[in-house]
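This report refers to the structure that appears directly beneath it.
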Amino acid sequence: MENFITMKSILFFLLLPVFSYGQYLNQSTPYILSSGPSEGYERPRVVITANNSPFVIWSKPSTPKAIKARKWNGTDFDSIVDLVGHDLKPTGFIGPEIAAKGDTIYLIFESLLHNNHVIYLKFSFDGGLTFSDTIRVSDNSNTHKFAMPNISVREDGNPVVSYMECLPNWTDWKQVVKTSFNFGMSFSPATDVSALAPGEPCDCCQSTLVTNGNNVYLLFRNDDSDVRNTYIAQSNNDGLTFTATHDLDDINWVLNSCPTSSPVGAVIGDSIMVVRRNGGSGVNKLYKSNVNKDNLQKSYFTQVDSAGSSLQDKAEIASYMNNFLTVWEENRNGNKECFYSVIGSDGKSLYNGIISDTATFGHKIEPDIAYGGPYSASFSVVYTASTQHEVHFVCSPLMYVTAINQATDSNDKKLLKTVNLLGENVTPESNKPFINIYNDGSVERKVVLE
C-alpha cells in the first residue's frame, strides 16, 4: 500500500501543470559571406552600425594576405572589399579586431612591415563605406615587439586599445593599454596593466576590453609560475591608468604552456559578466562569474553549460536588456559546432543551444556575436565553416517561450539536455522524475517507474 501511494503521488505531481519559461535564438538561414581560400574565411568578427546594419570582417592568411569585409545595405550584404591589402602585410595568429559605435568603426590589426611588428588602426565615420589611412598605435621602437591587439569603444565614441609587448627575443611580456581622445588620430602613452598582477601575462592569450562610462576594464590571462588564471583590471579615467586588479578563478589552472584562450565580458547595470575557459579541474570548461564593476569582487564561479564536452573554447559575449548571450565552439559529436547560452542578469542559464548551421557539413568554429542586426534581430553572429572554407552570418531575435508539459511530434526535434526538478543536468534513472528540453523550445516531464 505504501508503494502504491508513493507511485500515485509521483504521478499526480507530474501531471500538475508546470510552466517552463525560457529565451532562445530563432536564427535565420545562414548568409554565406565568403567561400574558398581566394576570398579567405578565417576568424570573422561582426559589429552593428547605425540602422542595425552589420559590418563583418575576416582574414585571408594565404598569399596575397588581406583583411576582407562586407557591409549590410538594408536588404543584403554588399560585395567583398579589401580593408587591408597585402602591401600592409597583415599578420598575427589572433586578430584583426573591430569595434563600432553608431557609424563610427575602428579596425585594429598587426602588421609585419617592421621586423618587430606594428599595431595599426584604421577608422570609418560613415558606417564602413570608406576608411582612413593607417595610424600607428604601437610605439616606433627597435627594442620591443608588439602583437595581439584588441579594441573597444568608450561611451564618448573614442577608441581604447590593448596589445602585447615583449623584448625582441619574445620574453618579458606585458599587456598594455593606450587610449584616444580625438577619435583615433593619436593615443596616450602605453600603460603596463599586467604589472598589477603577479608573474607576467600569458604570452599567447589576447586580452579583451570592457567599457562603461569612464571605466575601462582589461580582461587577461596571467602566468604566475604556470598558474594561468583570468584577471580583471580597472581604470576609472578612460584607460589612462589602471589602479586595481583581481584574480577571478576559484580553481588554479596549472599549465606549462599557453592555452591560447581569452576571457570576455559584457556589462549590465553594476555587473560585468565574465566568461572564460578554465582547465584546473582536468576538464576544459567555460565558466561564468558576475563581477561588481566597482570593487571587482565576483559573485560565483560556475560552468556555462555543464552538459558539454571536455573542451569548450573561443567564447565571445554580448548583452541585451537584462540578458547576456555568450557563444563558443565545441566538439560534442565528432564535429565542432558553435553553441550559445542565454544568461540572465542574475547569472542563471535560461537556455543553451546551437547557433551554427548543423546542416552544413564539417566543423564550425571561431564565433563572434554583437547586439542588434537586420529584421529586428536581437543578436548577430558570425562563424567560420572551416571544412567548407566559408564565413557564415546569422541573425536572430531573442524568443520568449512558455511551455506546459508540452511535447511535439516533429521529426526535427532534438534533445538539448535532461535536467532534474532543480534544473541540474542528470542522466535519467528509474523512479526519479526528469525533464527533457528540446531545441524547439518544448519540454517533456517524465518518470520511468519500476
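Here, each number is a calculation from the coordinates, and none is a lab measurement. Since the structure is predicted, the reported quantities are computational estimates derived from the model, not experimental observations. Methodologically, a virtual Cβ is constructed for each residue, glycine included, from the backbone with ideal geometry; neighbour enumeration extends over all protein chains shown.
Our estimate of slack between Met321 and Thr241, defined as 0.36 nm per intervening residue step minus the Cα-Cα distance, is 25.8 nm. Amide H contacts of Arg332: Glu337, each under 5 Å away and 5 or more positions distant or on a separate chain (H built 1.01 Å from N in the peptide plane; Pro and chain starts excluded).
In the structure shown, do any of Lys65/Lys178; Lys122/Lys174; Lys288/Lys417; Lys65/Lys348; Lys174/Lys293; Lys65/Lys101 have a Cα-Cα gap over 31 Å, and if so which?
Lys65/Lys348
If R0 equals 60 Å, the separation of the Cβ atoms of Thr134 and Ser306 corresponds to a calculated FRET efficiency of about 0.85. Full extension of the chain between Ala195 and Lys417 gives 75.6 nm of extra length, using 0.36 nm per residue less the Cα-Cα distance. With a cut-off of 17 Å, note down the residues of region 240-260 whose backbone N falls inside the zone around a label point 7 Å from the Cα of Ser186 toward its beta carbon. Taking a point 7 Å out along Cα→Cβ of Ser186, the residues of region 240-260 whose backbone N falls under 17 Å are 240.
Kindly point out, ordered by number, any Cys in the chain whose beta-carbon has no other cysteine beta-carbon under 4.7 Å away. Isolated Cys, the chain: Cys166, Cys338, Cys395. Could you point to the residue in Trp173, Ala69, Pro259 farthest towards the positive end of the chain's charge dipole, with +1 and -1 charges on the Cβ of Lys/Arg and Asp/Glu respectively? It is Ala69, whose Cα lies furthest towards the positive end. Label-to-label distance for Asp126 and Thr75 is 2.2 nm, based on points extended 7 Å past Cα in the beta-carbon direction. Taken about its Cα centre, the chain carries a charge dipole of about 380 debye when Lys and Arg each add +1 at the Cβ and Asp and Glu each add -1 at the Cβ. Under a 5 Å amide H cut-off, with hydrogens placed 1.01 Å from N, Arg228 pairs with Trp253, Val254, Leu255 among residues at least 5 apart or on other chains.
Taking 0.36 nm per residue of separation and subtracting the current Cα-Cα distance, fully stretching the chain between Asp226 and Ser141 would add 27.7 nm. Applying a DSSP loop filter and a limit of 11 other Cβ atoms within 10 Å to the chymotrypsin sites (Phe, Trp or Tyr not before Pro) in region 169-239 leaves Trp170. Inter-label distance, Gln297 to Thr358: 4.3 nm, where each label sits 7 Å from its Cα along the C-beta direction.
Each of Trp170 and Leu255 was given a label point 7 Å from its Cα along the Cα-to-Cβ line. The distance between the two points is 1.7 nm. Which angle between 0 and 90 degrees, to the nearest 10, do you get for helix 2-15 versus the longest principal axis of the chain when only C-alpha atoms count? The two axes meet at around 50 degrees. Between the amide H of Lys417 and those of Ile437, distances stay under 5 Å, these residues lying 5 or more places away or on another chain, with hydrogens modeled in the peptide plane.
Taking a Cβ cut-off of under 11 Å around Asp305, the surrounding Lys, Arg, Asp and Glu residues balance to a net charge of +3, with basic ones at +1 and acidic ones at -1.
Computed 3J(HN,Hα) for region 252-260, one whole-Hz value per residue from the Karplus formula 6.51 cos²θ - 1.76 cosθ + 1.60 where θ = phi - 60°, is 5, 9, 8, 8, 8, 9, 6, x, 6, glycine and proline marked x. Across all directions, the average flat footprint of the convex hull enclosing the Cα atoms of region 93-146 is 4.0 nm². Taking only the C-alpha atoms of the chain, Rg followed by Dmax gives 22.9, 86 Å.
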